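Enquirer: Dumping the structure here so I can ask a few things about it.
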Amino acid sequence: MRYSIPFRRQPVLVRALALALAGTLALTACKGGEGAADAKPGEAAEEEVVPVEVAAASLRAVAASYTGTAPLEAIGESQVVAKTSGVALQVMVEEGDMVRAGQTLVRLDADRARLQATQTAAQVAKLQNNFERSRKLAEQQLLSASDHDQIKYDLANARAANRLANLEVSYSAVTAPISGVVASRSIKTGNFVQINTPIFRIVDTSQLEAVLNVPERELATLKPGLPVQLAVDSLPGQAFTGRVDRVAPVVDAGSGTFRVICAFEGGGLLQPGMFGRISIAYDQRANALTVPRIALLDGEGDPAVFVVRGGKAMRVPVKLGYVDGQWVEVREGIKPGEQVVVAGKAALRDGNKVQVVGQPAAANVAASKPAAPDPASDADADNDDNQQ
């Protein structure tokens, strides 16, 4: 005999089945949660590895130096002026010509000066004869002493006027006061030149100088004769050598600096007015332990670097010595050959794992090795083949 469930009781059964299914799912979830809670600490997510670039601490020669900037100046410079007026009959040099001291640069019209020299020479001759006659008359007491003295003074005055006229004649030949190169010329042949008018500028480029205003703390270290290195912006890639020529022994009370004059050989590529960067080396160490300057941690109270040890970055305080360009001497803290971080420092913290750029990671090396065969898997595969 077949029984059927009344239609009105079907929703009740459906609800009962739904509740039973929900309980089963809840129980399964509880068991799963207990399994997750029982997970071991070693199964946690792997720590992040920071990529870095490193450089080895190495021994090299370093120099302690003072650096500064200054323009180059000529050792001597002169404005050539006309000491008399006249028309320029001949201009004998051009800009860029090398001249020597005493060389004639311009010849001026000197006719008026020559006439004055001739006139005064005649006056001197006349007074010289008068003086000889008056001397004889004075010896014979035929001329008073005062009249004789007056003639003597007139003769001396005429001689001075004659020398002045001859000096004006000599001024018609304008000569170079110093040796050097003609830097500028402001006269042409036929121009009328006024007295005391500048007409040439001569620069002595045989030696160039640069003057540094150095803080007084360097007074005991910078001495005459120290070697100097010079680089100028207009001649990139070229270095010039010089020496400390003079050191001012007095410190300026207002600025707290003293003057150091560096000398360089001229006559070549260096020219007055060039702006140069100067480095004065005052001490050297042949085998100093150095690291790149960029390895130093920025914003640290005490100098420190990150050293890679055992695959981790360790913050190591260091004691610094001389700074020589892009290298810095390390007196204490690290040993030769140790790897210091030079790039990637911003993302590092003390103890972080690191991956040195250009070196294979240990995990990558392990992954690249072929996996060992699983005997159980091979046996299962053989059974499958036999069943087939």
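Just so it is clear, none of the values below were taken in a lab; they were calculated from the coordinates. None of the values given here were measured: they were computed from a predicted structure. Note that each Cβ is placed from the backbone with ideal geometry, even for glycine, and that neighbours are counted across all protein chains shown.
Enquirer: When the Cα centres of the stretch 120-149 and the stretch 189-222 are compared, how far apart do they sit, in Å?
Expert: 53 Å
Enquirer: With the cut-off at 1.5 for a/c, could you classify the stretch 309-351 from its C-alpha gyration tensor as rounded, prolate or oblate?
Expert: Prolate.
Enquirer: Using the count of nearby Cβ atoms within 10 Å as a rough guide to exposure, how do Thr69, Thr84 rank from fewest to most? Numbers along the way, then the final one.
Expert: Working: Thr69 11, Thr84 20.
In increasing order of surrounding Cβ atoms, one gets Thr69, Thr84.
Enquirer: Related question: With the cut-off at 1.5 for a/c, could you classify the stretch 110-171 from its C-alpha gyration tensor as rounded, prolate or oblate?
Expert: On the way: a/c = 5.02, a/b = 3.27, b/c = 1.54.
Because a/c hits 1.5 or more and a/b exceeds b/c, the stretch 110-171 counts as prolate.
Enquirer: Please rank Val181, Val93, fewest neighbouring Cβ atoms within 10 Å first, as an exposure proxy.
Expert: Fewest-to-most Cβ neighbours within 10 Å comes out as Val93, Val181.
Enquirer: Tell me the label-point distance for the pair Arg217, Val87, using the 7 Å Cα-to-Cβ offset, in nm and rounded to one decimal.
Expert: 6.8 nm
Enquirer: Could you compute the net charge surrounding Val203? Neighbours are other residues with a C-beta less than 13 Å from the C-beta of Val203; K and R count +1, D and E count -1.
Expert: Combined, the nearby Lys, Arg, Asp and Glu give -4.
Enquirer: Same structure, new question: Considering amide H positions built from the backbone, and no H for Pro or chain starts, which residues 5 or more places from Ala304, or on another chain, come under 5 Å of its amide H?
Expert: Leu297, Val318
Enquirer: Next question, about the same structure. Note the full-extension length gain between Phe192 and Ala173 as 0.36 nm times their separation in residues minus their Cα-Cα distance, in nm to one decimal.
Expert: 5.4 nm is the gain from fully extending Phe192 to Ala173.
Enquirer: Go ahead and collect, in residue order, the members of the stretch 198-221 whose backbone nitrogen is under 18 Å from a label point 7 Å along the Cα-Cβ direction of Glu73.
Expert: Label zone hits: 202-215.
Enquirer: Turning to a different aspect of this structure: For the stretch 52-103 and the stretch 234-295, what is the separation of their C-alpha centers, rounded to whole Å?
Expert: So the separation of the two Cα centres works out to 15 Å.
Enquirer: Further question: For Thr104 and Glu265, compute 0.36 nm times the residue count separating them, minus their Cα-Cα distance, and round to one decimal in nm.
Expert: Values: separation 161, 0.36 × 161 = 57.96 nm, distance 2.69 nm.
In short, 55.3 nm is gained.
Enquirer: So if I place +1 on the C-beta of Lys and Arg and -1 on the C-beta of Asp and Glu, and nothing else carries charge, what would the dipole magnitude of the stretch 110-171 be about its Cα centre? I want it in debye, nearest 20.
Expert: Charge dipole of the stretch 110-171: 140 debye, to the nearest 20.
Enquirer: Here's another thing I want to ask about it. Describe numerically, in nm with one decimal, the distance between label points set 7 Å from Cα along Cα→Cβ at Glu132 and at Lys335.
Expert: Each label point is offset 7 Å from its Cα along the Cβ direction, giving 10.6 nm.
Enquirer: Quick check on the stretch 186-328: take the gyration tensor over C-alpha atoms, sort the square-rooted eigenvalues as a ≥ b ≥ c, and tell me if it's rounded (a/c under 1.5), prolate or oblate.
Expert: Since a/c reaches 1.5 and a/b is larger than b/c, the shape of the stretch 186-328 is classed as prolate.
Enquirer: Moving on to the next point. On full extension of the chain, what length is gained from Leu142 through Thr257, given 0.36 nm per residue of separation minus the C-alpha to C-alpha distance?
Expert: 33.8 nm
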